Amino acid sequence: MKEPEESSTKHVAERLKWLKEYYDLSTKELASSVGASYTQMANWENGTQRLSLKGALAINDTYGTSLDFLFIGRVEALPQKIAKAWASRPRESSSSKSSDSPVE
């Protein structure tokens, strides 16, 4: 079965980088806050290694995200403030997918 595009390692990495920028954190700070090593977080951020479930759960617990957002880009389960920030971020492409739609 083919992996959906939004759940690709590249897209997961983009969401992690955005989350780090949203909270104005360095890679080291983000890693430390969720109990990951700098190297592990850097690998997740640059897409050389897939985000682990353990790492995603720690990110969710610390920053109030959701597994759906981290792994497949769905914003519906995010807190409204984070969802609005995600929807208003600058994008390279003009996708019309529901995951890119603003939350009312």
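Scanning for something part of a loop (DSSP other than H, G, I, E, B) and hydroxyl-bearing (Ser, Thr, Tyr), does region 53-64 turn up at least one residue?
Narrowing region 53-64 to residues part of a loop (DSSP other than H, G, I, E, B): 64.
Retained after the next criterion (residues that are hydroxyl-bearing (Ser, Thr, Tyr)): none.
No, there is no match, as no residue in region 53-64 is part of a loop (DSSP other than H, G, I, E, B) and hydroxyl-bearing (Ser, Thr, Tyr).
Output yes when any residue across region 83-90 is polar (S, T, N, Q) and either in a loop (DSSP other than H, G, I, E, B) or modelled with pLDDT under 95 (or both), and no when none is.
There is at least one residue in region 83-90 that is polar (S, T, N, Q) and either in a loop (DSSP other than H, G, I, E, B) or modelled with pLDDT under 95 (or both).
Would you say residue 38 is modelled with pLDDT of 95 or more, open to solvent by 80 Å² or more (accessible area, probe 1.4 Å) and of a type outside the set (A, V, I, L, M)?
yes
Residue 48 fails exactly one of the following numbered conditions: (1) part of a loop (DSSP other than H, G, I, E, B); (2) more than 16 Å from residue 82 (Cβ to Cβ); (3) open to solvent by less than 20 Å² (accessible area, probe 1.4 Å). What is the number of that condition?
(3)
Anything in region 68-85 that is under 14 Å from residue 12 (Cβ atoms) and either of a type in the set (Gly, Ala, Ser) or in contact (Cβ under 8 Å) with a residue 12 or more places away in the chain (or both)? List them, or say none.
Within region 68-85, the subset under 14 Å from residue 12 (Cβ atoms) is 68-74.
Selection gives 69, 70, 71, 72, 73, 74.
Going by the conditions given, is residue 77 surrounded by 15 or more Cβ atoms within 10 Å (Cβ to Cβ), of a type in the set (Gly, Ala, Ser) and either in a helix (DSSP H, G or I) or at pLDDT below 90 (or both)?
Numbers: surrounded by 15 or more Cβ atoms within 10 Å (Cβ to Cβ): no; of a type in the set (Gly, Ala, Ser): yes; either in a helix (DSSP H, G or I) or at pLDDT below 90 (or both): yes.
Against the criterion (surrounded by 15 or more Cβ atoms within 10 Å (Cβ to Cβ), of a type in the set (Gly, Ala, Ser) and either in a helix (DSSP H, G or I) or at pLDDT below 90 (or both)), residue 77 does not qualify.
Collect the residues in region 1-21 that are at pLDDT 90 or above and within 20 Å of residue 60 (Cβ to Cβ), keeping them in residue-number order.
Matches in region 1-21: 9, 11, 12, 13, 14, 15, 16, 17, 18, 19, 20, 21.
The values are calculated or read from the model by the stated rules, or taken from the named source; none is laboratory data. Since we're looking at a predicted model, the values are computed, not measured. Cβ sites come from the backbone with ideal geometry, for glycine too, and all protein chains shown count toward neighbours. The area values use the complete protein model at the heavy-atom level, side chains included, leaving out ligands, DNA and RNA. Shrake-Rupley method; radii C 1.70, N 1.55, O 1.52, S 1.80 Å.
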